[in-house]
1. Per-residue counts of other Cβ atoms within 10 Å, averaged by peptide: what ranking do you get for 353-362, 220-229, highest first?
2. Spin-label point model (7 Å from Cα, Cβ direction): what's the residue 26 to residue 81 distance in nm?
3. Among 45, 75, 143, rank each residue by its count of other Cβ atoms within 10 Å, from fewest to most, as a rough exposure measure.
4. At 0.36 nm per residue, and after removing the present C-alpha to C-alpha distance, how many nm does the segment from residue 88 to residue 324 gain when stretched out fully?
5. What value, in deg cm²/dmol to 500, does the helix sum -39500 (n - 2.57) over DSSP H runs of n ≥ 4 give at 222 nm once divided by the residues of the chain?
6. Relative contact order (percent) for the chain, with alpha-carbon contacts under 8 angstrom and 6 or more residues of separation?
7. Only counting other Cβ atoms within 10 Å, I'd like 282, 323, 253 sorted with the fewest neighbours first.
8. Can you put 44, 242 in order of Cβ neighbours within 10 angstrom, beginning with the fewest?
Ligand SMILES: *Cc1c(COP(=O)(O)O)cnc(C)c1O
């Protein structure tokens, strides 16, 4: 079976991890610092803190805004529950926004329509790693500031988007708070881990305290005045992430190459609509998503040919625990049953990729 996901683990990860395990120190130490320094180069920002997952990172980022209970957060239902349950965990309210049918990202036109004085946060997810129009997001923030004389906080869930570029630059460059994931199946894996970036040193220092109980690890006599979480990364996970960096660069290229071949080979297949690709942004191509007619038949056909496929995430507004926030989302409603992802990752060889293309081209 050609799977939709596979864990990317360098052989060096076990060697480096065992060194940490046998060192007598496995908590947050030098390995975390090394990993953070490497991430600063990759994400092109000095303002970042690692966490033990992206879920913790999202929770921390929302917590730090200090918003009153019940504040509305504009967000997409088409994502991992981690995005939206972090909103719930902070006693904030998800205000569902429809999706853009060209990208499956949040619809910025609907964001504008739903934006009000009491909306304080916009949560973005770069679906499959394809960046949202960050120029338009900046414009929305400016309009909001002028109209309401306060900031609209933007948090980008970049869990799909490791390596994605907008106008040639990593996503944190654009000044919003970003959260990347190093979870088991993500492009760069720490087994579990995440990183949060901010646009200034002061907030980053605060996040460093709050990820570990609000305490200063260098000088415990300092009282930060705030309580915090146990969200820090440890040396074991950091050493695994560090060992996986060289390979992840190579794997990212393979995802992009496979994705480009699909773009060419599947564009004219009846019953399929491919997603938008604009030249000003480079997707991480972590997922390859398309819209297909008769999805159950499509999935069954691929399965019978040894290929796993599926929608990956279930729409979050569909879960019982958020039933009372329900909204009419006409575009997502009309597309939801057609969303499907096919294997695109580094684990495909040329034969696998051709087999997938031929299977799809032969119809379902
Ligand atoms: C994987 C994922 C997360 C959660 O990441 P963890 O590091 O596992 O907590 C959050 N959001 C999206 C969109 C994801 O795909």
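Values quoted throughout were computed directly from the atomic coordinates according to the rules given, and no laboratory measurement underlies them. Being a predicted model, the structure only gives us computed values, none of them experimental. As a convention, Cβ positions derive from the backbone with ideal geometry for all residues, glycine included, and neighbour counts pool all protein chains shown.
1. Numbers: 353-362: 16.9, 220-229: 11.4.
The most tightly packed comes first, giving 353-362, 220-229.
2. Computed distance between label sites residue 26 and residue 81 equals 2.8 nm.
3. Numbers: 45 19, 75 29, 143 13.
Sorted ascending by nearby Cβ count, the order is 143, 45, 75.
4. Working: separation 236, 0.36 × 236 = 84.96 nm, distance 1.24 nm.
Net length gain for the segment: 83.7 nm.
5. Details: 11 runs with 135 residues, N = 364.
Here the helix-only value at 222 nm equals -11500 deg cm²/dmol.
6. On the way: 710 pairs, mean separation 87.9, N = 364.
Relative contact order, the chain: 24 percent.
7. On the way: 282 20, 323 9, 253 13.
Lowest count first: 323, 253, 282.
8. Numbers: 44 13, 242 24.
Ranked by crowding around the Cβ, least crowded first: 44, 242.
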